[in-house]
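The values are calculated or read from the model by the stated rules, or taken from the named source; none is laboratory data. Given the structure is predicted, the values throughout are model-derived calculations rather than measurements. Cβ atoms come from the backbone with ideal geometry, glycine included; neighbour counts cover every protein chain shown.
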2 protein chains.
Amino acid sequence: MPAPSIAVIGVPGLKEVAPGDNLGELIVQALGGAGLRAEDGDIFVVTQKIVSKAEGRVVQLDSIEPSAAARAWAAAHHKDARVLEVILRESRRIVRMDHGVLIAETRHGFVCANAGVDASNAPAGTVTLLPEDPDRSAQRLQAYLENAFGVRLAVVVSDTFGRPWREGVVNVAVGVAGVAPLLDYRGQPDNQGRPMQVTVVAVADELAAAAELVMQKTRRIPVAFVRGYDYQAAAGSGRELLRPPEQDLFR
Amino acid sequence: MPAPSIAVIGVPGLKEVAPGDNLGELIVQALGGAGLRAEDGDIFVVTQKIVSKAEGRVVQLDSIEPSAAARAWAAAHHKDARVLEVILRESRRIVRMDHGVLIAETRHGFVCANAGVDASNAPAGTVTLLPEDPDRSAQRLQAYLENAFGVRLAVVVSDTFGRPWREGVVNVAVGVAGVAPLLDYRGQPDNQGRPMQVTVVAVADELAAAAELVMQKTRRIPVAFVRGYDYQAAAGSGRELLRPPEQDLFR
């Protein structure tokens with residue numbers, strides 16, 4: 001039996017992304033500059049940060065008038081009331097607000113710190129929001145890259161999320177196109193021939209995590225691809241990774 | 001700038017592990033059988049299941065006398081009272097018990113389904129427990145493999161854990177030896193020259209997740225290694241990944 005393997009390759013040399021840029025085109029240019037080209041089945045992982053910048057999901061903080069609630073919480077926690085106002089606008093539910101940490105459910109349904117609003121790697125005086133529709137962002141990139149290289153590809157738009165109980169953030173999938181985000185083993189036998197207990201693996205999150213290992217450091221590599229991963233092509237959606245509220249023990 | 005890359009390689013051909021086996025020796029044999037050998041800096045990811053089996057952390061269910069509490073909950077949820085009894089013995093705190101799901105904090109401090117007690121891929125009539133001390137398990141494997149190959153290596157003992165809010169399980173690190181599980185960017189500038197917000201990345205969990213992508217399917221590949229990942233060698237410990245209770249918003 002041959003050893004199964006994958007390669008995870010970072011794409012260096014991507015230029016700084018600005019609102020209105022064609023991100024697919026920039027990725028193709030960076031690949032070319034690095035002597036790389038996409039092959040059939042490659043899965044591209046792209047950080048939401050550059051997707052959001054290209055899509056103009058950047059907010060000038062001096063345009064924001066904070067509400068009284070945002071001002072009060074910001075004053076109590078030594079935060080910028082304008083940033084807090086943006087977070088509240090991006091949220092449909094506040095999950096926890098404690099220890100100076102704000103965990104919110106975004107309008108998409110993601111539960112994460114600050115509803116995905118982030119000042120890192122954003123121009124001074126601005127914050128970035130999550131893409132409006134990360135699946136559509138992934139689909140657009142998939143279409144552009146498939147057309148450019150004449151092969152079938154998948155795209156994951158990723159962000160780094162914290163987790164309850166565990167320290168540190170990990171990269172996860174927020175938008176998906178071209179790969180099923182969940183791999184379902186239910187009913188398949190384990191190596192004793194009995195049905196397996198742990199049955200659904202969030203492979204899109206694992207792909208995002210693998211990609212982060214080559215994106216690391218100061219995030220100057222916001223695009224990577226996974227080559228050699230054996231998967232069934234499927235439309236896919238980041239929404240499949242959201243646990244339905246009625247099954248959520250931690251609301 | 002060259003493209004940064006890593007390879008994630010599954011180790012096929014590992015024989016079925018039994019209590020008392022020298023797991024390091026079995027891994028060396030499997031590597032040899034597949035024409036592979038460890039190179040300096042490789043990070044081995046080994047599922048807790050085979051570690052637990054080698055260490056004899058296997059419980060015969062017919063030796064278990066369930067308590068009244070275990071019987072009552074089992075009857076209400078159509079579970080095996082003996083399995084529930086084992087779960088309760090492995091737990092220091094029940095985090096949630098609802099929808100037929102039991103989330104517990106293990107005696108190590110991990111928060112996971114069924115306190116890590118699992119019947120999949122275990123001999124009929126038995127369940128496996130998490131290793132007594134997963135860091136020590138990782139250290140022992142590291143020492144054996146470093147000696148066998150004459151190079152410096154790291155080892156992550158992994159398990160698949162569910163997460164609140166997100167569907168599916170992902171592979172995470174429970175024991176670590178030879179690599180710092182958290183990569184701390186605090187104080188380092190982002191690409192705008194300002195200190196980064198998202199600052200501590202759980203790289204050991206990302207390494208475990210990457211490895212799962214080649215371990216997939218019916219788990220007949222319980223060992224993989226990551227080659228080419230740029231890291232600082234450190235003692236490391238899975239305990240570094242546990243959020244201190246006083247900072248935990250989801251107890």
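General observations
- For region B:193-230, a residue qualifies if it is farther than 23 Å from residue B:169 by Cα and either modelled with pLDDT of 95 or more or touching a Leu at 6+ places or on another chain (Cβ under 7 Å) (or both), and the qualifying residues are B:227, B:228, B:229.
- Residue that is farthest from the other protein chains (Cβ to nearest Cβ) [pool: residues in region A:98-113 that are in contact with a helix residue (DSSP H, G or I) (Cβ under 7 Å, 6 or more places away or on another chain) and either basic (Lys, Arg) or without any contact (Cβ under 8 Å) to a residue 40 or more places away in the chain (or both)]: A:107
- Checking B:224, B:209 one by one, the residue that is part of a helix (DSSP H, G or I), within 19 Å of residue B:134 (Cβ to Cβ) and not charged (D, E, K, R) is B:209 and no other.
- Selection within region A:143-194 - buried (at least 22 other Cβ atoms within 10 Å of the Cβ), more than 9 Å from chain B (Cβ to nearest Cβ), assigned to a loop (DSSP other than H, G, I, E, B) and not aliphatic (A, V, I, L, M): A:178
- Set A:133, A:98: member being modelled with pLDDT of 95 or more and among the acidic types (Asp, Glu): A:133
- Residues in region A:22-59 that are over 10 Å from residue A:131 (Cα atoms), small (Gly, Ala, Ser) and without any contact (Cβ under 8 Å) to a residue 60 or more places away in the chain: A:32, A:33, A:34, A:35.
- Sub-6 Å Cβ pairs linking a first residue in region B:133-156 that is of a type in the set (Asp, Glu) to a second residue that is part of a helix (DSSP H, G or I), at least 6 apart or interchain, are B:135/B:238, ordered by first then second residue.
- Residues satisfying the stated conditions in region B:75-84, i.e. closer than 29 Å to residue B:158 by Cβ and surrounded by 18 or more Cβ atoms within 10 Å (Cβ to Cβ): B:82, B:83, B:84
- Residue within region A:133-140 that is within 12 Å of chain B (Cβ to nearest Cβ) and surrounded by fewer than 20 Cβ atoms within 10 Å (Cβ to Cβ) present: no
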